[in-house]
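For reference, the structure discussed in these notes is given below.
The values are calculated or read from the model by the stated rules, or taken from the named source; none is laboratory data. Keep in mind that what you see is a predicted model, and the values were worked out from it rather than measured. Cβ placement follows ideal geometry from the backbone for every residue including glycine, while neighbour counts extend to all protein chains displayed.
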2 protein chains.
Amino acid sequence: MRMLTAAMLLATVSVSATAADTSMLNKIVDQAMNHGEVVENTAYLTDRIGGRLTNSPAMRAAEKWTQDKFRAWGLKNVHAEPFDFGRGWWIESASAKMIAPRPILLRSIPVAWTPATTGTISAPVIVAPISDEDHFDEWRGKLQGKIVLVSYPEDPADATDAAFRRYESSDISAMDTYEQPTTNQDGLKRRVKRRAFPMKLDAFLKAEGAIAWARMAYRNDGLVHGTGYAYGVGETPSLPGVEIAAEDYRRLARLAKTGPVTLELNSNVHFDDSDTNAYNIFAEIPGTDPKAGYVMAGAHLDSWVAADGAADNAAGSAVVMEAARILSSLGVKPKRTIRFALWSGEEQGLHGSLAYIDRHLAKRPAAVGEMAAAGRYGALYNYPVTPLPGFKDLIAYFNMDNGGGKLRGVYAEGNFAAVPVLKDWFGPLSSLGASSVVAAPTSGTDHVGMAAIGLPAFQFIQDPLDYDSTVHHSAVDTFDHLRPQDLRQAAAVMASVLLSAADSDKVIPRNVLPTQPKDSNPFEYDNPEED
Amino acid sequence: MRMLTAAMLLATVSVSATAADTSMLNKIVDQAMNHGEVVENTAYLTDRIGGRLTNSPAMRAAEKWTQDKFRAWGLKNVHAEPFDFGRGWWIESASAKMIAPRPILLRSIPVAWTPATTGTISAPVIVAPISDEDHFDEWRGKLQGKIVLVSYPEDPADATDAAFRRYESSDISAMDTYEQPTTNQDGLKRRVKRRAFPMKLDAFLKAEGAIAWARMAYRNDGLVHGTGYAYGVGETPSLPGVEIAAEDYRRLARLAKTGPVTLELNSNVHFDDSDTNAYNIFAEIPGTDPKAGYVMAGAHLDSWVAADGAADNAAGSAVVMEAARILSSLGVKPKRTIRFALWSGEEQGLHGSLAYIDRHLAKRPAAVGEMAAAGRYGALYNYPVTPLPGFKDLIAYFNMDNGGGKLRGVYAEGNFAAVPVLKDWFGPLSSLGASSVVAAPTSGTDHVGMAAIGLPAFQFIQDPLDYDSTVHHSAVDTFDHLRPQDLRQAAAVMASVLLSAADSDKVIPRNVLPTQPKDSNPFEYDNPEED
């Protein structure tokens, strides 16, 4: 009897909480869809502030503006939390022109954190595809006084897939398969190489007397990106580097096959070392039960600068802000604290969210040797994990960083046992098209570090729109590639889920605290045929 | 007996000719695929010469280079045939920058045949969508000193179709339906308006004290086009006009909704009135029978200048040249003359091919009144047609102007009775994928004028690739969007078909000599709801 009474009591509380939430969910949706500010705030971050490279003046403006907004909306504990990062860098103006055999302006962008040209420089080009140290010998003695075209001018692929799409139900069902979480060694190696190799290349080119280098954009149709990773103090390369649109680069390469080609570069870029810390921005709605822990939603506020960082990730940032605004304006009093996070340094290796882990959640052995070149990311899969006191307080983290598309549900990120609880929280959102819960893990953004240490950290499923095909990191990552109704829906979903999670009596089962996994194939040999 | 003998003699000749052709077809394919120059020549026209606006210095260079090539290959009667056109115009350099609220370089291009800015100009923008004279009143008194954004900043559509595709057999089968040829009044009205309205707009903007205007690119993803039609002597507008990429234009428009926006333009363009004639280029392989008439293949050599005019239409031009080179190098002795034509002024209204008709094929009543604003195109469907002596000599014309994609066969262009003969000529090309003959008519290029007066003028069916979606008239109409094997195949097909047609004993049945058609719906009323 007593046991029954206790169970009944719990059931009563649960029903009561659910009833309250359900009414509040209607208010949230009304706020998001009919009285929202997410569209205007996304436009402010993109059109007015523009691309927000970590530690650039534009990112500093965004850090200030977002805090001002949170405070104006009545959020609590609004603050910026520093972490060491590196140099600020920004483009004042830049151009690349072919001046011989005929004059044309090329579509181009300076590679992030490469130095300025000394005014306008011009020189003959040489096409010297170099993607590895093994290639240096072939070009030794041939680069003096040249602008070196370092990319292989690969032919374009046939664009046989639609650029823009939304998920069918079957696409989402296909994601609901359990995959053994891996330590993603490929991603790790790629990040090691993308920081380490450019420095070796710069030293080689400098030693050979080259005066600048250019690479080919990895997308076609005139798009440029400008991503670069030499952001550390003391890591700045010697030579200016520029990315040229694929069509323009291939034309240079073809012309250079049959005659001299002269390029003129002007890269009027600036470094800013006034503060080498980057900053994560936080805001909260305090919970009524100080011992109940917190739930958190986050998105990275930093971006690349070929355009305005709209889908990647003003959209996610503005949706996190809008969820905060909605819940604050509705005066919710959740049991758990709801924390809103805007990360910095994501584009250079998840720095903001990993710095948050280091400070609040858990320690891991530092990256050593080659891995150190991947920055904080190099320690991502270092074990054992040593939880900090705050480890237990994080009840759930939701990340938004897959563009501006409508939210369709959530990835359980390999936390198999979390699925029923997530279904409970996302269930009411089925008429918003956002109730899918799938087991699959995802990678490449700010929940990854938390998931890697067994914390309940999840990414939203989003309609892709033209994120992967066209806008991700590119010169058309602009506001107009977003869809206003999708942003409003995302804010409604995020606010609803945060409130459900903050009030829920259910607890997400923790994943195992990972240790170094065994080799997946203990019988493997090295294959000398593989690169 | 005598009759039988005559028929047998004819049959013998025919079989003998067919046998000779078939052997020659293998040589043609070998020349095209294994020893061809079409790829190098397309690259020369695009990479080295670049965009070839009618009467521009680059077009003049192309006119000379193509004739030099024809002569070097041993073609006969190589010459340039003048027709009156208008001014030369070219871009030395140009830029558009937003300077407030923040500085960014925009993707832009001066609109063809608009005047230069006086150095660098800057002014506040006003978004004043004007697409018709009816809209002038709304903006009167508001444009003084402004750069006027004249396009409505329409939201982008979802890009749910693949950019690149090849035809399935079913796509081609669907084209094989007879359609009543029309006098294409919609196309005619569009052409009238695209020449006449910009002049009225320019006069209005000038009278209102605006200093320049900008329009939005009609494609997304940063592409610009720069098409313009005020090419006539005495038609040059007063104000500089610029096309701005859709993403950049929409950003300007959004910002202008909530604050001042300042634009800086520099349009360093030049007019060249040294010769207001445009020139079609011709070359021939003379026929052995002077009374047998001629067959002809053609493509327009002129292009727009946002890029290099590769798919539109260096590809077609280089394939026509390559067919000439192949047939000349193989020493063919066709019964009929084979003429190769490279048209000019196509992009401004099929001027070159229509001038050819006026001079060699037939007379039509001149365009009058409003229709005169469409240039020669305005007389396209004026009847009655009065054949010139050369009318009967044109046995067949084949046009290539649907990009660089593989040839798949031919449109019979509504000449229903021509299908069996075309099948005879294209039949041997089935293993090259080019033997489809379909009845449907096509529009918008240089065979149209001939087809409109009942001549046997046909366009090739081509795999679309990314022609319509991406490259047509755009800033990425570059060589690398072509496919080398497709160009080689096209040259093989064109040379084969020309030779078959030049030697054929079959004659294409002429279409009827058109007269003014009856209204398709004699019971129609004007609907006042329609625009």
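Residues checked against (1) more than 14 Å from every other protein chain (Cβ to nearest Cβ); (2) touching a Gly at 6+ places or on another chain (Cβ under 8 Å):
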{"position": "A:H270", "(1), (2)": "no, no"}
{"position": "A:A283", "(1), (2)": "yes, no"}
{"position": "A:A297", "(1), (2)": "yes, no"}
{"position": "A:V305", "(1), (2)": "no, yes"}
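What's the number of the only condition in (1) buried (at least 24 other Cβ atoms within 10 Å of the Cβ); (2) modelled with pLDDT of 95 or more that A:N415 fails to meet?
Going through (1) buried (at least 24 other Cβ atoms within 10 Å of the Cβ); (2) modelled with pLDDT of 95 or more one by one, A:N415 breaks only (2).
Please tell me if A:V148 is crowded, with 19+ Cβ neighbours inside 10 Å, more than 14 Å from chain B (Cβ to nearest Cβ) and part of a strand (DSSP E or B).
Yes.
From the residues in region A:430-447 that are at pLDDT below 95 and not polar (S, T, N, Q), which one is surrounded by the most Cβ atoms within 10 Å (Cβ to Cβ)?
The selected residue is A:P441.
Take region A:369-412 and flag every residue that is part of a strand (DSSP E or B) and surrounded by fewer than 24 Cβ atoms within 10 Å (Cβ to Cβ).
Passing the criteria: A:T386, A:P387, A:L394, A:I395.
Restricting attention to region B:470-502, and to residues there that are farther than 21 Å from B:T227 by Cβ and of a type in the set (D, E, K, R), which single residue is farthest from the other protein chains (Cβ to nearest Cβ)?
Among them, the one singled out is B:R488.
Could you figure out which of (1) surrounded by 14 or more Cβ atoms within 10 Å (Cβ to Cβ); (2) assigned to a strand (DSSP E or B); (3) not assigned by TED's automatic domain parsing to the domain that holds A:D312 isn't true of A:I99?
(1)
Exactly one condition in (1) of a type outside the set (S, T, Y); (2) surrounded by fewer than 18 Cβ atoms within 10 Å (Cβ to Cβ); (3) within 11 Å of another protein chain (Cβ to nearest Cβ); (4) without any contact (Cβ under 8 Å) to a residue 12 or more places away in the chain is not met by B:R48; state its number.
(2)
Yes or no, residue by residue, for (1) in a strand (DSSP E or B); (2) under 23 Å from A:Y377 (Cα atoms):
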| residue | (1), (2) |
| --- | --- |
| A:V437 | yes, no |
| A:T442 | no, yes |
| A:T445 | no, yes |
| A:M450 | no, yes |
| A:I453 | no, yes |
| A:F460 | yes, yes |
| A:D468 | no, yes |
| A:D477 | no, no |
| A:D486 | no, no |
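So, in region A:499-531, exactly how many residues are modelled with pLDDT under 80 and surrounded by 13 or more Cβ atoms within 10 Å (Cβ to Cβ)?
Looking only at that region, the number is 2.
Residue-by-condition table, conditions (1) in a strand (DSSP E or B); (2) not assigned by TED's automatic domain parsing to the domain that holds A:H481:
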site: A:G234; (1), (2): no, yes
site: A:P237; (1), (2): no, yes
site: A:V242; (1), (2): yes, yes
site: A:A253; (1), (2): no, yes
site: A:A256; (1), (2): no, yes
site: A:E264; (1), (2): yes, yes
site: A:I281; (1), (2): yes, no
site: A:A297; (1), (2): yes, no
site: A:E322; (1), (2): no, no
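Given the residues B:L188, B:L106, B:L149, which is the only one that is in contact (Cβ under 8 Å) with a residue 12 or more places away in the chain, in contact with a helix residue (DSSP H, G or I) (Cβ under 7 Å, 6 or more places away or on another chain), closer than 30 Å to A:R165 by Cβ and not small (G, A, S)?
When all the criteria are applied, what remains is B:L106.
State which residue is farthest from B:T120 (Cα to Cα) when the search covers only region B:227-271 and only residues that are of a type in the set (D, E) and surrounded by 18 or more Cβ atoms within 10 Å (Cβ to Cβ).
B:E247
Give region A:381-415 a look and list any residue that's more than 21 Å from A:P441 (Cβ to Cβ) and either within 17 Å of the chain's Cα centre (by Cα) or outside the structural domain of A:V38 (by TED's automatic domain parsing) (or both), or say none.
A:G404
Return yes when B:A112 is within 25 Å of the chain's Cα centre (by Cα) and over 18 Å from B:G226 (Cα atoms) and no when it is not.
Criteria not met by B:A112.
Which residues, counting only those in region A:168-192, are buried (at least 17 other Cβ atoms within 10 Å of the Cβ) and under 30 Å from A:G226 (Cβ atoms)?
Selection gives A:N184, A:G187, A:L188, A:R191, A:V192.
Given B:A475, B:A451, B:A457, B:A434, which one is in contact with a strand residue (DSSP E or B) (Cβ under 6 Å, 6 or more places away or on another chain) and more than 17 Å from B:E179 (Cβ to Cβ)? Before you say what the answer is, go through the steps one by one.
Numbers: B:A475 fails: in contact with a strand residue (DSSP E or B) (Cβ under 6 Å, 6 or more places away or on another chain); B:A451 fails: more than 17 Å from B:E179 (Cβ to Cβ); B:A457 fails: more than 17 Å from B:E179 (Cβ to Cβ).
Exactly one of B:A475, B:A451, B:A457, B:A434 is in contact with a strand residue (DSSP E or B) (Cβ under 6 Å, 6 or more places away or on another chain) and more than 17 Å from B:E179 (Cβ to Cβ), namely B:A434.
Please verify whether A:T262 is touching a residue at least 12 places away in the same chain (Cβ under 8 Å) and under 28 Å from A:R190 (Cα atoms), treating the condition exactly as stated.
no
Go through region A:73-129 and count every residue that is among the basic types (K, R) and within 14 Å of another protein chain (Cβ to nearest Cβ).
Residues flagged as among the basic types (K, R) and within 14 Å of another protein chain (Cβ to nearest Cβ) within region A:73-129 amount to 3.
Return the residues of region B:194-226 that are surrounded by fewer than 18 Cβ atoms within 10 Å (Cβ to Cβ) and at negative phi; say none if nothing qualifies.
Correct list: B:R194, B:A196, B:F197, B:M199, B:K200, B:A203, B:K206, B:A207, B:Y218.
Filter region A:489-531 for residues that are farther than 29 Å from A:A292 by Cβ and charged (D, E, K, R) and give the result.
A:K518, A:D519, A:E524, A:D526, A:E529, A:E530, A:D531
Hey, does region B:273-288 have a residue that's among the β-branched types (V, I, T) and over 30 Å from B:N55 (Cβ atoms)?
If we filter region B:273-288 for residues that are among the β-branched types (V, I, T), which is where we start, we get B:276, B:281, B:285, B:288.
Going one step further and asking which of them are over 30 Å from B:N55 (Cβ atoms), we end up with B:288.
Yes, the conditions are met somewhere in region B:273-288.
Out of region B:289-331, which residues are surrounded by fewer than 24 Cβ atoms within 10 Å (Cβ to Cβ) and charged (D, E, K, R)?
B:D289, B:K291
Sort out which residues of region A:156-189 are under 20 Å from A:A434 (Cβ atoms), not small (G, A, S) and not in a loop (DSSP other than H, G, I, E, B), and write them in order of number.
Of everything in region A:156-189, those that are under 20 Å from A:A434 (Cβ atoms), not small (G, A, S) and not in a loop (DSSP other than H, G, I, E, B) turn out to be A:R165, A:D171, A:I172.
In region B:453-469, what count of residues is obtained for those that are surrounded by fewer than 24 Cβ atoms within 10 Å (Cβ to Cβ) and either of a type in the set (G, A, S) or facing chain A (nearest Cβ under 10 Å) (or both)?
Looking only at that region, the number is 2.
Can you pull out every residue in region A:295-351 that is touching a Phe, Trp or Tyr at 6+ places or on another chain (Cβ under 7 Å) and within 26 Å of A:E92 (Cα to Cα)?
Within region A:295-351, A:H300, A:L301, A:D308, A:A310, A:A311, A:S344, A:G345, A:E347, A:Q348, A:G349, A:H351 meet the criteria.
For A:Y279, indicate whether it is of a type in the set (S, T, Y), away from every other protein chain (no Cβ under 14 Å) and crowded, with 22+ Cβ neighbours inside 10 Å.
For A:Y279, the condition - of a type in the set (S, T, Y), away from every other protein chain (no Cβ under 14 Å) and crowded, with 22+ Cβ neighbours inside 10 Å - is met.
Of all residues in region B:267-279, which are part of a strand (DSSP E or B) and of a type in the set (S, T, N, Q)?
Residues of region B:267-279 that are part of a strand (DSSP E or B), as a first pass: B:267-272, B:277-279.
Once the filter is applied, which keeps residues that are part of a strand (DSSP E or B) and of a type in the set (S, T, N, Q), region B:267-279 yields B:S267, B:N268, B:N277.
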